[in-house]
Amino acid sequence: MKKINKALQAAVVKSWHLGIVLLSTMFWHCTLYAETLTIDQVLNLLENNNPILAGAKSQQEYAQAAWTTSRAYPNPELEIGGGASTGLGPGALNGSNDQLIVAQPLDLPFVREARRKVAEAGITSANEANRHVWLTVRSQARLAFYEILRRQAELQISKDNERLLTQIRDKIKLKVEVGESPRYELVKSEAEALNALKLRESAETRVEDAKSALRMLFGPALPHPYEAVGELPAPPSALPSLENLREEVLNKQPLLEQVRAEIEKAQAKVTYEKQLRYPQPTLKAGVQRDPGLKQWQINLVVPLPLWNQRQGPIGEAVAELRRAEAFAKQQEYAVIRELENAYNRYRIAHRQVETFKAGLLKEAETVLKVAEAAYRLGERGIIDYLDAQRTYRTVRNDYINAHFDRQAALIDLERLRATDLENL
């Protein structure tokens, strides 16, 4: 019976080990075949897979179609009629009659020119809107990708922290068992190890959330699963002054160019509505045949603007122009405010990164090593050691966050300055 129990126990242990091997193999294969993506690969996917860019492109096509419409001439009209004629007096003839009339509305040159200018301003507005959307989506993709790198770095710190605290807990457990350390140190170390486990699981969730945010920009175009690889690019050696940046943004930002094109479009619409006050004539030519009579006619039909002189449409166009001017001014203020905010965020984050590089990271690491040595020699307790370890982890996380904040501010500055438009 004992032999049977031992055999069963051995089989269970063997099955348990086999399960671990299979799970490890599955995880290794999933990791092995997870496709890697770089920032350049992600940006190359934008053109054909982002729905926002597709919407902006369709707006361009709409504006181009409106321009084609503005150049079209009005179609002629064909009128055909017929009937019967009955004579009423002596010698009057009876029989059938018919008529054929062709009418051609005349497109006045100054009306046609005003309509064309409205359409051309619409094309300019749609083109600038597309450039603005392209810059915005490109910036969103870069931020989302770098957010993944940020969360992956935090995850690595959490894993290192969990591994270290697990080792500390195991060592303290041995010391407690042999009576070299009090039990409260074991309780404290176990609590810290459990907290490290929770932090690592939270970091893994944040990584997946960041990947999901990037996938939202592309839909099924991104592989599943995938791993983001790369690092944050180096910052520029120096930024222009805020005054120079203001001038550059005011002259190059597509959003401002778009609202200015909308003002031109509204102005052209006012001119167009005013030109429509002039009567639009229609030229008619036709032939009419009655019993014993055939007539050729040429007529010019001119509507008389007595009751409706287009006060309403002109007023609407003027109001739209004022709205466009007010909106343009508002957008100008908003863009400058956004520029100043990004500029200040960049300066603050850049100073923080330089502070970390100047010695803060090294100091935190030195403090941790001193606390560890003091704990091993019995000069300090476990609480001091764990506090030093927690401080070092916090400093490393803050360093990563400062790097990301600086890059995020720089991306906003590049978007406002429209520095990526040469890639469009």
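What follows draws every value from the coordinates through simple rules; no lab data is involved. Please read these numbers as outputs of a predicted model, since none were measured by experiment. Every residue, glycine as well, gets a Cβ built from its backbone with ideal geometry; the counts of neighbours run over all protein chains shown.
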Could you please rank W307, W67, W296, placing first whichever residue has the fewest other Cβ atoms within 10 Å of its Cβ?
W307, W296, W67
Could you list which residues have their amide H under 5 Å from that of S181, counting only those 5 or more apart in sequence or on another chain, with H placed in the peptide plane?
V176
Taking the Cα-to-Cβ direction at N299 and at A66 and moving 7 Å from each Cα, how far apart do the two end points lie in nm?
3.7
Connecting every pair of Cα atoms under 10 Å apart in the chain and solving the GNM, the largest mean-square fluctuation among A72, A210, A193 falls on A72
Residue by residue through the range 273-278, which ³J(HN,Hα) values in whole Hz follow from phi under the Karplus form 6.51 cos²θ - 1.76 cosθ + 1.60 (θ = phi - 60°), with glycine and proline marked x?
5, 5, 5, 6, 5, 6
Show me the ranking of peptides 375-387, 255-267 by mean Cβ neighbours inside 10 Å, starting with the highest.
255-267, 375-387
HN-Hα J in Hz across the range 160-170 - Karplus 6.51, -1.76, 1.60, θ = phi - 60°, x for Gly and Pro
4, 5, 5, 5, 5, 5, 5, 5, 4, 4, 5
How large is ³J(HN,Hα) for each residue in the range 318-329, as worked out from phi by the Karplus curve 6.51 cos²θ - 1.76 cosθ + 1.60 (θ = phi - 60°), to whole Hz, x for Gly and Pro?
5, 5, 5, 5, 5, 5, 5, 5, 5, 5, 4, 5
Given only helices, namely DSSP H runs of n ≥ 4 each adding -39500 (n - 2.57), what is the per-residue ellipticity at 222 nm of the chain, to the nearest 500 deg cm²/dmol?
-25000 deg cm²/dmol
Debye calc, one equal point scatterer per Cα of the range 94-184, no solvent, log10 I(q)/I(0) at q = 0.21, 0.25 1/Å comes to -1.05, -1.15
Nearest 0.05, what FRET efficiency do F110 and L45 give at R0 = 35 Å with Cβ-Cβ as r?
0.10
Point-to-point label distance, R215-E247, nm (Cα→Cβ direction, 7 Å offset)
4.8
Which number do you get for Rg(Cα) / (2.2 N^0.38 Å) in the range 71-128?
2.28
Cα→Cβ-extended label distance, 7 Å offset, between T355 and I101, nm:
8.6
For the charge dipole of the range 68-208, defined by +1 on Lys and Arg C-beta atoms and -1 on Asp and Glu C-beta atoms about the Cα centroid, which residue among L164, L174, A126 has the Cα displaced farthest towards the positive pole?
L174
Can you tally the net charge around L149? Count Lys and Arg as +1, Asp and Glu as -1, for every other residue whose Cβ sits under 13 Å from the Cβ of L149.
+1
State the Cα centre-to-centre distance between the range 261-296 and the range 182-223 in whole Å.
72
For the range 225-249 and the range 336-350, compute the distance between their C-alpha centroids and round to whole Å.
11
For the range 156-283, fraction of C-alpha pairs farther apart than 25 Å, in %:
68
How much length would be gained if the chain were fully extended between R390 and E201, taking 0.36 nm per residue of separation minus their Cα-Cα distance, in nm to one decimal?
66.3 nm
How big is the range 289-424 along each principal axis, measuring the range of its Cα positions in Å and listing the largest first?
131, 31, 28
With Cα springs under 10 Å, the Gaussian network model of the chain assigns the largest mean-square fluctuation among T86, T282, T271 to T86
Which stretch or stretches of the range 341-382 have amide N atoms under 17 Å from the point lying 7 Å from E180's Cα along the Cα→Cβ direction?
372-382
Please report, in debye to the nearest 20, how large the charge dipole of the chain is about its Cα centre when each Lys and Arg carries +1 at its beta carbon and each Asp and Glu carries -1 there.
860
Expressed as a whole percent, how much of the Cα-Cα distance distribution for the chain exceeds 43 Å?
48
For T36, what charge total do you get from the other residues with a beta carbon under 13 Å from its beta carbon, if Lys and Arg give +1 and Asp and Glu give -1?
-2
Out of R337, R277, R289, a Gaussian network model of the chain with alpha-carbon springs under 10 Å gives the largest mean-square fluctuation to R289
